[in-house]
Structures are given as C-alpha cells and as structure tokens.
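In what follows, a single structure is set out as structure tokens and then discussed.
The values are calculated or read from the model by the stated rules, or taken from the named source; none is laboratory data. This structure is a prediction, so every number in the text was calculated from the model and none was measured. Cβ placement follows ideal geometry from the backbone for every residue including glycine, while neighbour counts extend to all protein chains displayed. SASA here: full protein model, heavy atoms, side chains in, ligands and nucleic acids out. Shrake-Rupley method; radii C 1.70, N 1.55, O 1.52, S 1.80 Å.
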Amino acid sequence: MKFGKRLKQHVQETLPGWRDMYLNYKDLKKLVRLISSSLEYGKSEAQFVYLLNNEIEKFNVFFMEQEEDFIIRHKELQQRIKRANESEPSSEGEYEEQMAKIRKDMVDFHGEMVLLVNYSNINYTGMAKILKKYDKQTGGLLRLPFIQKVLEQPFFTTELISKLVKECETTMDELFPTGVVADEMKEAAIMMVGEGIFRNTVAALITMKEIRKGSSTQSHFSLPALNLPDTELIRSFQPKPPIPII
C-alpha cells in the first residue's frame with residue numbers, strides 16, 4: 001500500500017477531532033508535480049517550503065496542546081487512585097465501582113497517548129516521503145536540511161509521551177488483573193459502532209508497525225524500528241498481524 005493511501009485510511013480511522021491535524025500529503029504531492037514542470041522554479045520552491053513550514057507549525061501546536069493535556073490527566077488519574085485506596089468506602093461494591101471507572105478512564109487515556117505517538121510517526125514519515133519526491137522530481141536538495149529541522153521540532157519529540165504510556169501500562173498491570181482489562185477492551189471493541197478509542201488505538205499500532213518496519217528502501221531518514229512498551233496488557237488485546245504490505 002502506498003503511503004498516500006495508508007495515510008488517508010489512517011486519518012479516516014483516527015479520532016474525528018484529529019483528522020484535520022495530519023499532513024496535507026495529497027496537496028503537497030500535487031504541488032511537487034506542478035513544480036517539476038514549472039518554469040518559475042525559485043518561486044515555486046518558496047511556495048513549497050512555505051507550505052511545509054505551515055504544516056510543521058500545525059503539528060507542533062496540536063502536539064503540544066495534547067501533551068499538556070495528557071500530563072494533567074496523568075496526574076489526575078494518579079490522584080484518583082490514591083484517594084480511592086486511602087478512603088474508606090461504605091461498601092466493597094462502592095470501591096469496586098470507583099476502580100472500574102478509573103480502569104476504563106486509564107484504558108481510554110492510554111489509547112489516546114498511543115494515538116499521539118503515532119501522530120508524530122506518521123507525520124514525520126509523510127514529511128520525509130514528500131521531500132524525497134521533491135528532490136527526485138525537481139533535482140532540488142531540500143530533503144536533508146529540512147529533515148534536520150524536523151528532527152528538532154516538538155511534535156517529533158515523543159520521549160515524554162512514551163514514558164507516560166509505559167507508566168500507564170505499569171499502573172494497570174499492578175492494579176488490575178490483565179485478563180479483566182483485556183476482556184473489557186475486547187467487549188468494548190465488539191460493542192463499538194463507528195468511532196472508538198479501542199479501534200483507533202489498534203489501527204494506530206498497526207500503522208506504526210508498518211511504517212517503522214525494515215525494508216529495502218530503509219535509509220538514515222527512516223524511523224527506527226518500533227519500540228513501544230511490550231507489556232502483557234498490550235499483547236493481550238492486539239489483533240492478529242495483518243497481511244504484510246509489499
């Protein structure tokens with residue numbers, strides 16, 4: 001599957017509020033074709049760079065807003081767990097109800113963070129691919145300096161989010177039986193129609209696996225192999241691998 005089709009499919013499968021935040025790969029690809037046949041190369045290249053910079057700004061603003069929200073939500077979840085464990089509920093049923101709600105919120109929270117890591121991966125990959133097309137079709141030399149710029153952008157820096165993902169998984173592994181969480185996820189997946197964090201998360205994991213696997217075209221511009229935490233929780237709800245993309 002070509003990257004453009006894969007990106008379109010992923011955008012359709014992600015959260016509705018996120019769909020306009022991805023790389024406008026289709027329009028950039030059209031512009032590359034126009035530039036390759038243009039007589040005003042300098043002016044066209046300036047327009048291309050301008051659009052790329054606008055895309056980077058869009059990625060950064062969205063990524064940092066989500067990251068800030070996740071930091072706040074992570075602290076709130078930790079405080080809720082602490083209060084639930086330190087308080088004296090009127091009954092065992094009340095405590096179990098509190099923890100069930102926390103468990104559901106943590107599963108959703110974990111899924112959204114995985115989506116953000118994938119957001120970074122797929123937009124970086126799209127940038128690298130469109131710049132490769134540009135250099136190949138125009139004879140330009142934009143790819144190397146622009147990718148070096150991209151590597152310094154906030155949206156590419158996922159260490160904090162990956163750390164929160166791992167902490168979230170560790171907390172769920174410690175507090176909740178893996179089988180219970182996995183069963184809830186699978187039940188939610190069966191009941192979901194249309195949108196849902198579970199479906200979005202699984203789609204993101206598959207996309208990340210595909211865009212970060214080794215290939216004959218691997219280069220120093222490619223992302224390294226996928227290195228998300230591989231806990232028992234993740235393995236318990238991942239679907240069977242899709243048919244390899246050739």
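Taking R0 as 45 Å, what's the FRET efficiency between Glu57 and Asp108 from their Cβ-Cβ distance, rounded to 0.05?
For Glu57 and Asp108, the calculated efficiency is 0.95.
Would you mind checking the range 1-39 for residues with the amide N under 18 Å from a putative spin-label position 7 Å along Cα→C-beta of Gln137?
2-8, 23-39
Could you tell me how far the Cα centroid of the range 1-35 sits from the Cα centroid of the range 63-104, in Å?
One Cα centre to the other: 36 Å.
Can you tell me the accessible area per residue over the range 67-109, all protein chains present, probe 1.4 angstrom, in square angstrom?
67 Å²
Which FRET efficiency, nearest 0.05, do Asp69 and Leu175 yield, Cβ-Cβ r, R0 25 Å?
My answer for the efficiency is 0.65.
With the alpha-carbon atoms as the only input, what is the per residue convex hull volume for the range 33-162 in Å³?
96 Å³
Given R₀ = 45 Å, FRET efficiency for Gln78-Ser38 by Cβ-Cβ distance, to 0.05?
Efficiency at R0 = 45 Å is approximately 0.25.
Leaving out ligands, DNA and RNA, and with a 1.4 Å probe, what % of the accessible surface on the range 59-119 is carbon or sulfur?
48 percent
Top to bottom by accessible area (1.4 Å), largest first, where do Glu159, Glu45, Glu88 land?
Greatest to least solvent exposure: Glu88, Glu159, Glu45.
Give me the Å³ per residue figure for the convex hull around the C-alpha atoms of the range 121-166.
58 Å³
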